[in-house]
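The values are calculated or read from the model by the stated rules, or taken from the named source; none is laboratory data. Remember, it's a predicted structure, so these values are computed and weren't measured experimentally. Note that we place each Cβ from the backbone using ideal geometry, even for glycine, and neighbour counts take in every protein chain shown.
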Amino acid sequence: MSLWKKSVFPAAAQHQKLDGQTYNYGTAGFRTKANLLDSVMFRCGLIAVLRSKKTKSSIGVMITASHNPECDNGVKIVEPMGEMLIAEWEVYATQLANASNEELGGVIEGIIKDNNIDMTVSANVIIARDTRPSSPSLSASVIDAIKAFNAVYTDYGMLTTPQLHYLVRCVNTNGQYGEATEEGYYKKLSQAFTQLKIQTPGDNSYLPEISVDGANGVGALKVLQLQKELKGYLDMKVFNDGSTGKLNEQCGADYVKVGQKPPAGVMFEVGKKYCSFDGDADRIVYFFKSKDGSFRLMDGDKIATLIAGYLKELVASVGLNLQLGLVQTAYANGSSTYYASTVMKVPVACAKTGVKHLHLKALDFDIGVYFEANGHGTVIFSEKATKSITSASEDSSLTEDKKQAAVRLLNLMDVCNQTVGDAISDMLLVESILEARLWSLEDWNSAYTDLPNRLLKVKVEDRNAIQTTDSERKATSPVGLQMAIDTTVAKYSKSRSFVRPSGTEDVVRVYAEADNQTSADQLAYDVAVLVHKLAGGVGDPPTPPMSS
Ligand code: 16G
Ligand code: MG
């Protein structure tokens, strides 16, 4: 018997897979009710060790269910450079998660064989968790597996998801990306942020104050930590800090974006700046109260255009030959795509939903800005971009203006968490740009006006009956659906609609936009009816919008 079996089998016996449960490594890992996850966590510990041996690098495991309710939990595995687990290994993770204890040995052997893994190579896993009550015991299950494989691990305790991604990259680059500690993360961001501030003229109208909706989650705690480093530079007032409210309940980025309204627990006042994080702080949206009292949202699309526009200007003012591009998904509002490509003249690419897809596409650019409308996103700089920005910032033959712009770019690069979308880092990035531009949230928001849109869900027998192509913008199956959608869309002005199976819920999502809200609502409804009819709808057909 292989040596590992002697310790893995008895440990696995303590983490039996529940009968009748099937698990799927979805868009962002495994996610379901916390009480169904013990065996999955153990198996993710096994996968992390195997991946670590295969890559001969440290691998991350993050325990969180992001914006889901507190009773849920989940787990994501992080690749050596801080990216999401590669697709090929998602399949292994799914196989392992669904293996009974009897099948476990065979599945592990299969993975070892397929990948030629040398089991004598040492492994290192880095673990962190969010604030959910179920997280400590689920984290202990991951650790049981790591110990059973005789591997090394570091448990960083409570962190945001992007902090864990950052740490994995730091460890694997021997500190080149930053110091591999939580303090190192604050240090890197705050140093870059304060440098940018020092460079900006002091006498300006920028408001160095922001109210942060922490979603009653881990982001709230971490903003308070960061605040210590930014005293006198940025005053971050945290509400929904977890001291009274429940995680993600009536608060957080998802609640605000979906409901288009402020979160509970906020004194919503004119003239103030607000932002909302999600439960693991990898998403952010901004909002404010306009003078007429209405709620205004700056979602991921607005954040992306703000960042891309500013970076493009800086690159041009230094005179660097770098290709900057924006990556969005099909959910990006048509106005944002138009504004980016036609007004700002920034090339726009479309990727499938899910951070990993956007991240991958962003690698095609020297500077890739990527954002989902829901607030997931960041900027990544290629090696070429990093090198040319760094050398320009040190080039004494450049004019003072050009050099200053290069130094700004360098600091902005360090404010970005290049491993994954990060609410804290994105907030500092946005604040730096607003200050440099002397923009209030009203100024920023007026860059373009969103086209009215509507999102609906349709329940069908098997959501995978819907197959898509062209980054989810066209349905290839069932036959006839896309043609019917095209005919319907043609009835409305400035209209667009697409359908896709959700990666996180058992539904088909329908998106529609048009030049007015009534048309957007009607179009979404018409398309939902088509899906229900042609893709095996379950239950009653969708209900028509109120106005019709
Ligand atoms: C996950 C994804 C998010 C995506 C969402 C789509 C990550 C970290 N998270 O939450 O990016 O927008 O799924 O959900 O990739 P859906 O497939 O149910 O529409
Ligand atoms: Mg999240």
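Taking the condition in contact with a helix residue (DSSP H, G or I) (Cβ under 6 Å, 6 or more places away or on another chain), β-branched (Val, Ile, Thr), within 16 Å of ligand 1 (Cβ to nearest atom) and in contact (Cβ under 8 Å) with a residue 40 or more places away in the chain, does Thr131 pass? Against the criterion (in contact with a helix residue (DSSP H, G or I) (Cβ under 6 Å, 6 or more places away or on another chain), β-branched (Val, Ile, Thr), within 16 Å of ligand 1 (Cβ to nearest atom) and in contact (Cβ under 8 Å) with a residue 40 or more places away in the chain), Thr131 does not qualify. A Cβ distance below 8 Å, combined with a sequence gap of six or more or placement on separate chains, defines the contacts here; from segment 32-61, residues that are free of Cβ contacts under 8 Å to residues at least 40 places away in the same chain reach residues that are assigned to a helix (DSSP H, G or I) in the pairs Arg51/Trp89.
Residues in segment 383-402 that are surrounded by fewer than 17 Cβ atoms within 10 Å (Cβ to Cβ) and free of Cβ contacts under 8 Å to residues at least 24 places away in the same chain: Glu383, Lys387, Thr390, Ser391, Glu394, Asp395, Ser396, Ser397, Thr399, Glu400.
Name every residue in segment 268-287 that is among the hydrophobic types (A, V, I, L, M, F, W, C) and crowded, with 24+ Cβ neighbours inside 10 Å, in order of residue number. If the condition is that a residue be among the hydrophobic types (A, V, I, L, M, F, W, C) and crowded, with 24+ Cβ neighbours inside 10 Å, then Cys275, Phe277, Ala281, Ile284, Val285, Phe287 are the ones that fit. Among the residues of segment 229-257, the ones that are within 16 Å of ligand 1 (Cβ to nearest atom) and either under 22 Å from Glu182 (Cα atoms) or not small (Gly, Ala, Ser) (or both) come to 6 in all. Filtering Gly265, Gly259, Gly309, Gly293 for residues that are in contact (Cβ under 8 Å) with a residue 12 or more places away in the chain, of a type outside the set (A, V, I, L, M, F, W, C), more than 16 Å from ligand 2 (Cβ to nearest atom) and surrounded by fewer than 16 Cβ atoms within 10 Å (Cβ to Cβ) leaves a single hit, Gly293. Of the candidates Val407, Val420, Val379, the single residue that is closer than 30 Å to Thr468 by Cβ and away from ligand 1 (no atom under 14 Å from the Cβ) is Val379. On inspection, Asn174 does not qualify as touching a Phe, Trp or Tyr at 6+ places or on another chain (Cβ under 7 Å) and polar (S, T, N, Q). Is there a residue being of a type in the set (D, E, K, R) and either within 30 Å of Thr55 (Cβ to Cβ) or under 24 Å from the mean Cα position of the chain (by Cα) (or both) anywhere in segment 195-207? Checked against the condition, which is being of a type in the set (D, E, K, R) and either within 30 Å of Thr55 (Cβ to Cβ) or under 24 Å from the mean Cα position of the chain (by Cα) (or both), segment 195-207 yields no hits at all.
Any idea which of Glu472, Glu505, Glu461 is within 16 Å of ligand 2 (Cβ to nearest atom) and either over 25 Å from Tyr25 (Cβ atoms) or among the acidic types (Asp, Glu) (or both)?
Details: Glu472 fails: within 16 Å of ligand 2 (Cβ to nearest atom); Glu461 fails: within 16 Å of ligand 2 (Cβ to nearest atom).
On inspection, the qualifying residue turns out to be Glu505.
Thr329 satisfies every condition listed in (1) at positive phi; (2) under 19 Å from the mean Cα position of the chain (by Cα) except (1). Only one of the listed residues (Ala349, Ala362, Ala373, Ala340) is in the same structural domain as Val415 (by TED's automatic domain parsing), away from ligand 1 (no atom under 12 Å from the Cβ), farther than 17 Å from Asn417 by Cα and buried (at least 24 other Cβ atoms within 10 Å of the Cβ). That residue is Ala340.
For first residues located in segment 520-538 and in contact (Cβ under 8 Å) with a residue 60 or more places away in the chain and under 19 Å from Ala465 (Cα atoms), partners that are among the aliphatic types (A, V, I, L, M) and part of a loop (DSSP other than H, G, I, E, B) and lie 6+ apart or on another chain with Cβ distances below 8 Å form the pairs Val531/Ile466; Ala535/Ile466.
Looking only at segment 43-97, count every residue that is small (Gly, Ala, Ser) and under 13 Å from Val125 (Cβ atoms) and tell me the total. I'd like the intermediate steps shown before the answer.
So in segment 43-97, the residues small (Gly, Ala, Ser) come out as 45, 48, 52, 57-58, 60, 65-66, 74, 82, 87, 93, 97.
Going one step further and asking which of them are under 13 Å from Val125 (Cβ atoms), we end up with 45, 48, 52, 57-58, 60.
Going through segment 43-97 one residue at a time, the tally reaches 6.
Screening Leu207 on (1) assigned to a loop (DSSP other than H, G, I, E, B); (2) surrounded by 20 or more Cβ atoms within 10 Å (Cβ to Cβ); (3) in contact (Cβ under 8 Å) with a residue 24 or more places away in the chain shows it passes everything except condition (2).
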